[in-house]
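The values are calculated or read from the model by the stated rules, or taken from the named source; none is laboratory data. Treat the numbers as computed from the prediction; the structure is a model and nothing was measured. All Cβ positions, even for glycine, are placed from backbone atoms using ideal geometry, and neighbour counts span all protein chains on display. All accessible areas refer to the heavy atoms of the entire protein, side chains included, with ligands and DNA or RNA removed. Shrake-Rupley method; radii C 1.70, N 1.55, O 1.52, S 1.80 Å.
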Amino acid sequence: MNRLRQHIEEITRITDEEFESIKKFFTLKNVRKNQFLLHEGDDVQFEFLVLDGIYKVFYLDENGKEHIVQFAKKNWWMTDYSGYFKQNKSAMFVECLTDGEVLCLTLKGREKLSSEFHKMEHFFRVKLTNGYVALQERIRLLLSSTPQQRYEEFSKLYPDLMLQIPKKYIAEYLGVSRETLSRLYSNTK
């Protein structure tokens, strides 16, 4: 739970007393490699804070092709946000690519935290805003850049993920074939 406090205090300071109340809203879950935290069609009960491990959030199209929407690593939040905030069934999958740990937070818990602790409302607003900006930038890159530009931006932003995630997943995330990714990789050497 100390990692949760450190994560919160990157944005806002909290007292020991506040943290004792805040941490009660979170549950710790250990996750094994290839374990799913969420399947398409599930009720979306939790938003997850990654403490350890690497995860992918993806959906399958009508042909069964996988489309990766997000990777998540330490201190990143993830879930199917449409299902979480609208309390609908999930359209996404969340899979752990390595062994890991997450903290789970229900929407009811998030809302109660935000109403009881102004600092937490501020924290969630900053996190949500940062996530929205990152998503908008990802969409912009997908729509208006070349595969080479997308590859260079991804490798610049996430050099650690380049080494930890199988190349086939990076290719899916960038919207290119595995062969194209190999060419892009060899062009940057």
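Examine region 90-113 for a residue that is modelled with pLDDT of 95 or more, of a type in the set (Asp, Glu), under 28 Å from GLN136 (Cβ atoms) and in a helix (DSSP H, G or I), and state whether such a residue exists.
Within region 90-113 (the criterion being modelled with pLDDT of 95 or more, of a type in the set (Asp, Glu), under 28 Å from GLN136 (Cβ atoms) and in a helix (DSSP H, G or I)), the answer is yes, since at least one residue qualifies.
Have a look at LYS74, LYS56 and point out the one that is in contact with a strand residue (DSSP E or B) (Cβ under 6 Å, 6 or more places away or on another chain) and assigned to a loop (DSSP other than H, G, I, E, B). Break it down into steps so the answer makes sense when it comes.
Working: LYS56 fails: assigned to a loop (DSSP other than H, G, I, E, B).
One residue alone meets the criteria, LYS74.
For region 119-133, does any single residue satisfy the condition of being in contact (Cβ under 8 Å) with a residue 12 or more places away in the chain and of a type in the set (D, E, K, R)?
yes
Can you name the residue in region 134-181 that is among the small types (Gly, Ala, Ser) and part of a helix (DSSP H, G or I) and is also surrounded by the most Cβ atoms within 10 Å (Cβ to Cβ) among such residues?
Result: ALA171.
Which one is surrounded by the fewest Cβ atoms within 10 Å (Cβ to Cβ) among residues in region 59-71 that are charged (D, E, K, R) and outside any strand (DSSP E or B)?
Out of the qualifying residues, it is GLU62.
Do you know which of the residues in region 1-54 that are closer than 25 Å to GLU95 by Cβ and basic (Lys, Arg) is surrounded by the fewest Cβ atoms within 10 Å (Cβ to Cβ)?
This residue is ARG32.
Yes/no matrix, rows are residues, columns are (1) under 19 Å from the mean Cα position of the chain (by Cα); (2) of a type outside the set (A, V, I, L, M):
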site: HIS118; (1), (2): no, yes
site: PHE123; (1), (2): yes, yes
site: VAL126; (1), (2): yes, no
site: ASN130; (1), (2): yes, yes
site: GLU137; (1), (2): yes, yes
site: SER145; (1), (2): no, yes
site: GLN148; (1), (2): no, yes
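Restricting attention to region 93-109, which residues are under 15 Å from the mean Cα position of the chain (by Cα) and either open to solvent by 40 Å² or more (accessible area, probe 1.4 Å) or touching a residue at least 60 places away in the same chain (Cβ under 8 Å) (or both)?
GLU95, CYS96, LEU97, THR98, GLY100, GLU101, VAL102, LEU103, CYS104, LEU105
What's the total number of residues in region 1-53 that are at pLDDT 95 or above, part of a loop (DSSP other than H, G, I, E, B) and aliphatic (A, V, I, L, M)?
3
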